[in-house]
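This is the structure I have questions about; it appears just below.
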Amino acid sequence: MIPRRSFLGATVSAGLIAAAGDLGFLARLPAVSAEEAALEPHTVRFRPEIEPLVRLLEDTPRERVLEEVAARIRGGLSYRDILAALLLAGVRDIQPRPVGFKFHAVLVVNSAHLASLASPDSDRWLPIFWAIDQFKSSQAADIKEGGWKMAPVDESAVPPSHLARKAFIDAMDRWDESAADAAVAGLARTAGEDELFEIFAPYGARDFRDIGHKMIYVANSFRCLAVIGWQHAEPVLRSLAYALLERSGAKDNPADADFPADRPFRQNRETAKKIREGWLDGKASAEAASELLQTVRAGSSSETSELTARLLNGGVSPQSISEALFNGAGELLMQAPGIIAVHSMTFTNATHYAWRRVQSDETRRMLLLQNAAFLPLYRGDHQDTGLHIDALEPLTPDGNGDEAVAEIFADISKDRLTAARKILAYVRDHPNPASLAAAARRLIFLKGNNAHDYKFSAAVLEDYERLSPPWRDRLLAAGAFYFRGSGGADNDLVKRTRAALAA
């Protein structure tokens with residue numbers, strides 16, 4: 001247990017760091033011997049300025065790696081270089097198939113980074129050190145399963161720059177792994193980041209295999225590359241392309257088959273063509289959002305995407321569509337808290353990020369339709385329990401201000417529905433719930449024990465800022481069904497991290 005006074009002082013009063021620029025970067029990496037830098041001949045090599053640090057993460061035993069990294073931080077090692085090495089070590093050492101499970105060591109890097117940016121100075125390193133430990137755990141699991149390593153690209157197969165885009169799209173459409181690997185290397189060397197995102201985004205939402213992790217990987221990898229630098233893009237995009245072509249063990253090529261995971265995309269390609277010109281100019285409609293939410297609750301995949309198209313054609317804004325989808329995912333979590341429902345939230349977060357970033361009108365239509373189609377797939381055969389996000393009633397906490405925040409997180413450990421109702425009342429009275437968000441993050445650092453804690457909290461706290469009342473308030477309230485409560489067991493990694501940094 002965290003003492004109530006300590007929890008309030010550390011969580012609510014601490015200021016948030018203002019920007020990524022406060023983190024500092026461009027420190028020189030420590031020298032590494034030629035023997036240490038030697039790599040197996042069939043393993044991809046990274047840029048010389050980052051390779052030694054990647055090797056440090058790969059080769060240092062789990063029980064010593066945090067202390068070794070901390071020593072280098074005290075010597076001037078930069079945040080950005082550590083983040084880059086962490087992502088690249090995961091890309092090289094952990095097979096992105098299935099896209100999830102042990103591969104969360106890669107998927108969670110951006111979420112850890114977002115948590116770090118939003119943390120007070122005293123907690124800034126905790127998410128990154130947690131992610132380093134997660135990498136070592138996943139690396140051990142990968143070794144146990146055979147020790148997959150990313151191989152060097154086949155340079156003889158890399159197409160010239162003027163053919164790389166077409167070659168990559170053709171390979172992805174054919175589910176051709178070797179051709180895609182060579183083509184994406186060519187693309188990474190010549191195309192800009194915006195062009196690359198436009199190409200990758202549709203494939204992230206193409207199929208429902210891996211419960212949305214493909215779209216999550218698209219969003220998180222591009223967001224991470226924007227921080228660590230696009231000079232590191234090629235191995236990351238090779239890993240991403242390989243992940244997107246994962247077919248869940250099916251022997252038949254999905255390009256020639258009719259698997260359930262692929263049907264929404266094929267159907268929505270036709271539905272997207274029916275959406276009117278000027279669909280982005282629609283008006284907000286609470287009634288339309290409620291109608292779509294009810295269809296997410298009880299309708300089929302095709303019914304949900306078809307209603308989305310009809311509402312857009314009827315003049316409803318994409319914002320109202322998104323608010324219904326976010327709240328639909330939140331209700332899934334309320335009714336069936338667990339991994340599947342959590343991914344409905346993180347997939348919707350990633351898809352919405354992609355929707356805001358892409359410029360292609362066709363892709364934007366498809367992303368909305370696919371998001372709508374996938375939510376009933378997350379619901380599956382689960383029966384409606386009657387706990388509806390739009391019927392949630394606020395319950396005023398007994399305390400005020402900081403005391404109310406502490407009360408809410410104590411309730412999360414005992415009664416999540418009560419905590420959700422109190423969050424709804426709290427955000428009604430505090431439209432900028434920075435104290436509540438800070439408390440949620442800090443409890444993830446202190447008590448979180450898996451990648452989903454970081455992925456989920458990063459998603460819901462980000463998405464709250466993008467929705468309008470009352471939808472954003474209800475989404476944040478639904479977060480009570482997965483946030484960590486103050487009564488949970490502490491994570492021993494925090495003590496180890498603080499000791500390593502203070503040594």
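The values are calculated or read from the model by the stated rules, or taken from the named source; none is laboratory data. The structure displayed is predicted, hence computed values, not measured ones. Every residue, glycine as well, gets a Cβ built from its backbone with ideal geometry; the counts of neighbours run over all protein chains shown. Areas reflect the complete protein model, heavy atoms only, side chains present, ligands, DNA and RNA absent. Shrake-Rupley method; radii C 1.70, N 1.55, O 1.52, S 1.80 Å.
Please go through segment 402-424 and give me each residue that is free of Cβ contacts under 8 Å to residues at least 24 places away in the same chain and not β-branched (Val, Ile, Thr), ordered by number.
Listed by number, the residues that qualify are ALA404, GLU407, ASP415.
While we're here: Please report, ordered by residue number, the helices (runs of 4 or more DSSP H) entirely within segment 441-503 with at least 3 residues that are closer than 24 Å to ALA219 by Cβ and open to solvent by less than 30 Å² (accessible area, probe 1.4 Å).
Where helices (runs of 4 or more DSSP H) fall fully within segment 441-503 and carry at least 3 residues being closer than 24 Å to ALA219 by Cβ and open to solvent by less than 30 Å² (accessible area, probe 1.4 Å), they are 451-464, 471-478.
Scan segment 417-439 and tell me whether some residue there is under 19 Å from HIS113 (Cβ atoms) and in contact with a Ser or Thr (Cβ under 7 Å, 6 or more places away or on another chain).
yes
Go through segment 245-269 and give me each residue that's closer than 16 Å to ASP361 by Cβ and either open to solvent by 90 Å² or more (accessible area, probe 1.4 Å) or part of a loop (DSSP other than H, G, I, E, B) (or both).
Matches in segment 245-269: ARG269 only.
Confirm whether MET345 is in a helix (DSSP H, G or I), under 20 Å from ARG472 (Cα atoms) and of a type outside the set (Val, Ile, Thr).
So MET345 fits the description; yes.
Would you check if there is a residue in segment 250-259 being under 23 Å from PHE101 (Cα atoms), among the aliphatic types (A, V, I, L, M) and free of Cβ contacts under 8 Å to residues at least 24 places away in the same chain?
Yes, segment 250-259 contains at least one residue that is under 23 Å from PHE101 (Cα atoms), among the aliphatic types (A, V, I, L, M) and free of Cβ contacts under 8 Å to residues at least 24 places away in the same chain.
So which residues in segment 231-244 are closer than 16 Å to TRP175 by Cβ and open to solvent by 20 Å² or more (accessible area, probe 1.4 Å), if there are any at all?
Scanning segment 231-244 gives a single hit, TYR242.
Of ALA140, ALA179, which residue is in a helix (DSSP H, G or I), over 26 Å from ARG356 (Cα atoms) and open to solvent by 40 Å² or more (accessible area, probe 1.4 Å)?
So the residue among ALA140, ALA179 that is in a helix (DSSP H, G or I), over 26 Å from ARG356 (Cα atoms) and open to solvent by 40 Å² or more (accessible area, probe 1.4 Å) is ALA140.
Return yes when GLU195 is charged (D, E, K, R), within 20 Å of ALA85 (Cβ to Cβ), assigned to a helix (DSSP H, G or I) and more than 19 Å from the chain's Cα centre (by Cα) and no when it is not.
Taking the combined requirement at face value, the residue does not satisfy it.
Hey, any hits in segment 356-364 for a residue that's open to solvent by 60 Å² or more (accessible area, probe 1.4 Å) and modelled with pLDDT under 95?
no
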